[in-house]
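Have a look at the structure below before the remarks.
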Amino acid sequence: MSNFNQIILAFLFLIIINGCNNSTIGSVVKSQEFTENKIEIEPYFCPKDDCEEILINNINIAKSVHCAFYDLDLYDLIKAFGKKSSNADVKIVIEDSNYGGNIKGPGIKIAKASQYMHNKFCVLDDNKVLTGSMNPTNNGANLNNNNLIIIKSKYIASNYEDEFKELWNGIYASGNNVKFNKINTDIGVIENYFCPEDCTLENDGGIYRIKELVKNAEKSIKIASFSFTHEALADELIKADIKGLDVDVLVERRQRNVRGSEYARLKDFGINIKVDGNKYNMHHKFIIIDDEIVITGSPNFTLSGNNRNDENMLIIFNQNLALEYGKEFDGLFEKGEVVY
């Protein structure tokens, strides 16, 4: 597409988007705020970091282990769960479509529902949460690009424990809203969401909160997403690019032409978008805004990720964390390419 045609297309896009919407979409989340200090956050990036060893080491020192996994096949991790179950409270919920019978016992439940239980998290000792994009599988830990984040926080752990109890009791893709949605900490604000219950109500969370943060960005937006089909979020990226912000998007190569993919549309609007260079999968689902805010978790930026599947998501306002995620993004983006 020529530069002239891109300018005309962008101009028409702004007229259509602004002309059809006279109300504010994605207002700031209206929620009670809580305060907690002495928060610790550790980000890891697989396969550069040994994410399996990190999981095992944290489980080995825990007194209670409650996990919800979309998939699980790491042999040494399964052994660690078995060993820990002899002297600790170990419970695991696994998505039905990926359960291969490689882990069994009274501490295992299978999530059988009409939608995916797509979480990848563990709650340890009521004060630590391990989450992110990594399924604890050989591919997830050793071949695909993933992020694993560890947070020491009683409030965050309480949120995830509540979610785990719902899953353990067979409540999928529904349930109570998150208890501690917005927490003021000594390292910055942390927001917590569980989809779809916290993500589908307009102006109250999920994708609408992400849209608001993107809309209010001042300098830059970086997105790494295995799958990207959410049209409304793509609209906000186009508007941000037109305003002159640096907008970079990286998607998994195999997902660029799936039904509803925004890859071609964003490319045609002149967005700096690439497919990844990993011969396996770029499985991340994160956004970095203004090098200050990190959005990460289990949902892809799709309608299913926010409206149907059982998922979890964090928004963390911390420059140091954004720097670490930015390094991961920049390295992958440099190896990516534009495909026409």
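General observations
- Radius 13 Å from Cβ of ASN159, net charge of other residues (Lys, Arg +1; Asp, Glu -1): -4
- Note on the chain: with a GNM built from Cα contacts shorter than 10 Å, the maximum mean-square fluctuation among ALA232, ALA173, ALA224 falls on ALA232.
- The label-point distance for ASP246 and GLN319, in a model that sets each label 7 Å from Cα toward Cβ, rounds to 1.5 nm.
- Three-way shape label, the range 26-153, alpha-carbon gyration tensor, a/c 1.5: rounded
- Only Cα pairs under 8 Å and 6+ residues apart enter the sum, and on that basis the relative contact order of the chain stands at 19 percent.
- Sequence-distant residues sharing a close amide H with ASP89 (under 5 Å, placed H): VAL65
- Annotation note: GluC sites (Glu not before Pro) in the range 163-220 located in DSSP loop regions with a Cβ neighbour count of at most 15 within 10 Å are GLU202, GLU218.
- GNM remark for the chain: springs join alpha carbons under 10 Å apart, and the peak mean-square fluctuation among LYS83, LYS38, LYS182 falls on LYS38.
- log10 of Debye I(q)/I(0), alpha-carbon scatterers only, for the chain at 0.08, 0.12, 0.13, 0.15 Å⁻¹: -0.36, -0.82, -0.96, -1.28
- The range 166-322 - percent of accessible surface contributed by carbon and sulfur, probe 1.4 Å: 41
- LYS63-ARG265 pseudo-label distance in nm [points 7 Å out on the Cα-to-Cβ vector]: 5.1
- Axial C-alpha extent at least 18 Å, average Kyte-Doolittle at least -0.5 - helices from the chain (DSSP): 3-19
- Among the listed pairs LYS48/LYS120; LYS128/LYS285; LYS38/LYS327; LYS279/LYS327, a Cα-Cα separation exceeding 23 Å is found for LYS38/LYS327.
- Sequence-distant residues sharing a close amide H with CYS46 (under 5 Å, placed H): ASN146, ASN147, LEU148
- Proximity of backbone amide H atoms, modeled 1.01 Å from N, is registered between ASN281 and ASN144, ASN145 at under 5 Å, excluding neighbours fewer than 5 places apart on the same chain.
- Surface exposure of the chain, expressed per residue as accessible area with a 1.4 Å probe, stands at 44 Å².
- Selected from ASN181, ASN272, ASN145 as most flexible by GNM, with the chain as the system and alpha-carbon contacts under 10 Å: ASN272
- Distance in nm between pseudo-label sites at ASN272 and LYS215 (7 Å out along the Cβ direction from Cα): 2.5
- 222 nm mean residue ellipticity, helices alone, for the chain (DSSP H n ≥ 4; -39,500 (n - 2.57); rounded to 500): -9500 deg cm²/dmol
- Size descriptor for the range 204-274, Kirkwood hydrodynamic radius: 12.2 Å (Cα pairs only, one decimal).
- The phi torsions of the range 86-95, fed into the Karplus equation with coefficients 6.51, -1.76 and 1.60 and a -60° offset, translate into couplings of 6, 9, 8, 7, 10, 9, 9, 10, 10, 4 Hz, rounded to whole numbers, with Gly and Pro shown as x.
- The range 192-340: C-alpha pair distances exceeding 29 Å, %: 7
The values are calculated or read from the model by the stated rules, or taken from the named source; none is laboratory data. Values in this document were obtained by computation on a predicted structure and should not be read as measured data. Here Cβ is always computed from backbone atoms with ideal geometry, including for glycine, and neighbour counts include all displayed protein chains. Note: areas computed on protein heavy atoms with side chains; ligands, DNA, RNA excluded. Shrake-Rupley method; radii C 1.70, N 1.55, O 1.52, S 1.80 Å.
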